[in-house]
Every structure is written in structure tokens, then in C-alpha cells.
Amino acid sequence: MLLALAVGVAGLAFPFLPRHLTLIGSLTIGIPSFFLALAPNADRARPGFLGRVARFAIPAGALAAVATFLAYRIVQHEPGISLGQARTAATMVLTWIGLLVLSIIAAPLTRPRLVLVWSMAAVFLAVILTPPVRDFFDLHPPDDLVWLAAFGVAAIVWSFARLFVPGDRPVGPGRR
């Protein structure tokens, strides 16, 4: 919501196509949720579910929106960068931030959970590096400097995320 509002106020083209959001959602929410839901869990249900979700989702969503918007704007100001390249940079940043959020949600990061997070990152890199798949998702990789700027924005937000996004879940009985 924040990203849509910021883009609308700034009068910019929306940074994503539906294909981009499908890719991001699949790799950071859909596929990981399926596997995390199947993991054994001995924790009992606790009251306050909506409050816990809001305390996590609001700062995580705000950080994702800020990082994506900043990267999108930075890339758009580079000479010779197309809208497709700017959208690809936004897709890369939101995917990286989504993987950060996934790593926080999947805590404690056991070996299977690390494999899950890293395999989602590997699939995203494979999509970016495989021309037919990249074309299907309408991704247009920018030059190296733009990649670096987009990755830098994501890395800065990644480093500050632990200050603003609660995520360390206590280890209880039956959790590893």
C-alpha cells in the first residue's frame, strides 16, 4: 500500500507488472509458506495472533516499500535506463527484501530452513540469468552499476531491518 501511494504521489509508472508480482510472491511467500506449514511444530496456540502479525508486518512492509521505491527512483535517474530495467531493479530489491523477511519468519534457521531460503534465492537468480525465463517474466537486467545500486539499497535496508522488524521467536519445546 505504501509503495502504491508513494508511486502515485510521485507521478511515476507502477514499478511492477503482474508477472513480477507473481514471481516475487511465489518465491517469498507461496512456495516457502507451503514448506514451512508442513514443518513439525510442537508450539501451542497463543492468544494475540493479530497483534503479533501487525507488529511484524507493518515495519517489514514499510521497509520493503521504502527500499523498493528508493531503488526504483535511483535507477530511473540513471541515463539510458529503460522503464523495463527500472522495473527489474524494483523486482530484484523487493525479492531480496522478501527473502530477508522469509529468513526472519523461518527463524530459528535450521538446516532445512536455510536450504529453503537459499533455494528461493537460487531460483530467483536462475530466472534472472536464463534468457527464456527472464523474457517470460519480462525482466530486463540493467547494467552492472544499476545492479550494484539496487543491491546496495537492499543491503542497507537488510542491515537495518533487525532494528525495526521483530522476529526472534523464542525457542520452545520441540523447536530446533
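Looking for something assigned to a loop (DSSP other than H, G, I, E, B), of a type outside the set (Asp, Glu) and free of Cβ contacts under 8 Å to residues at least 40 places away in the same chain - is there at least one such residue anywhere in the range 19-42?
No, every residue in the range 19-42 fails to be assigned to a loop (DSSP other than H, G, I, E, B), of a type outside the set (Asp, Glu) and free of Cβ contacts under 8 Å to residues at least 40 places away in the same chain.
Restricting the range 56-86 to residues that are among the hydroxyl-bearing types (Ser, Thr, Tyr) and under 20 Å from Gly8 (Cβ atoms), which is surrounded by the fewest Cβ atoms within 10 Å (Cβ to Cβ)?
This residue is Tyr72.
Taking the residues in the range 87-118 that are polar (S, T, N, Q) and within 24 Å of Ala57 (Cβ to Cβ) as candidates, determine which candidate is surrounded by the most Cβ atoms within 10 Å (Cβ to Cβ).
Ranking the qualifying residues of the range 87-118, first place goes to Thr91.
Could you tell me which residue of the range 21-55 is surrounded by the fewest Cβ atoms within 10 Å (Cβ to Cβ), considering only residues that are closer than 19 Å to Leu114 by Cα and β-branched (Val, Ile, Thr)?
If we take residues in the range 21-55 being closer than 19 Å to Leu114 by Cα and β-branched (Val, Ile, Thr), then Ile29 is surrounded by the fewest Cβ atoms within 10 Å (Cβ to Cβ).
Of all residues in the range 43-69, which are outside any helix (DSSP H, G or I) and on the phi < 0 side of the Ramachandran plot?
Selection gives Asp43, Arg44, Ala45, Arg46, Pro47.
Return the total of residues in the range 45-96 being polar (S, T, N, Q) and under 19 Å from Met1 (Cα atoms).
Residues in the range 45-96 being polar (S, T, N, Q) and under 19 Å from Met1 (Cα atoms): 3 in total.
Filtering the range 16-65 down to residues that are among the β-branched types (Val, Ile, Thr) and farther than 24 Å from Phe137 by Cβ, which residue is modelled with the highest pLDDT?
Here is the first cut: in the range 16-65, the residues among the β-branched types (Val, Ile, Thr) are 22, 24, 28-29, 31, 53, 58.
Within this subset, residues satisfying the condition of being farther than 24 Å from Phe137 by Cβ are 53, 58.
Details: Val53: 84, Ile58: 87.
In this case the residue turns out to be Ile58.
Have a look at Ala126, Ala122 and point out the one that is closer than 17 Å to Ile24 by Cβ and within 15 Å of the chain's Cα centre (by Cα).
Ala122
Does Phe136 qualify as being surrounded by 13 or more Cβ atoms within 10 Å (Cβ to Cβ), among the aromatic types (Phe, Trp, Tyr) and over 20 Å from Ala57 (Cα atoms)?
Spelling it out, it is not the case that Phe136 is surrounded by 13 or more Cβ atoms within 10 Å (Cβ to Cβ), among the aromatic types (Phe, Trp, Tyr) and over 20 Å from Ala57 (Cα atoms).
Take the range 156-176 and flag every residue that is surrounded by 15 or more Cβ atoms within 10 Å (Cβ to Cβ) and modelled with pLDDT of 75 or more.
The one that is surrounded by 15 or more Cβ atoms within 10 Å (Cβ to Cβ) and modelled with pLDDT of 75 or more: Val157.
The values are calculated or read from the model by the stated rules, or taken from the named source; none is laboratory data. Predicted model, so just to flag it, every value in this text is computed and none were measured. As a convention, Cβ positions derive from the backbone with ideal geometry for all residues, glycine included, and neighbour counts pool all protein chains shown.
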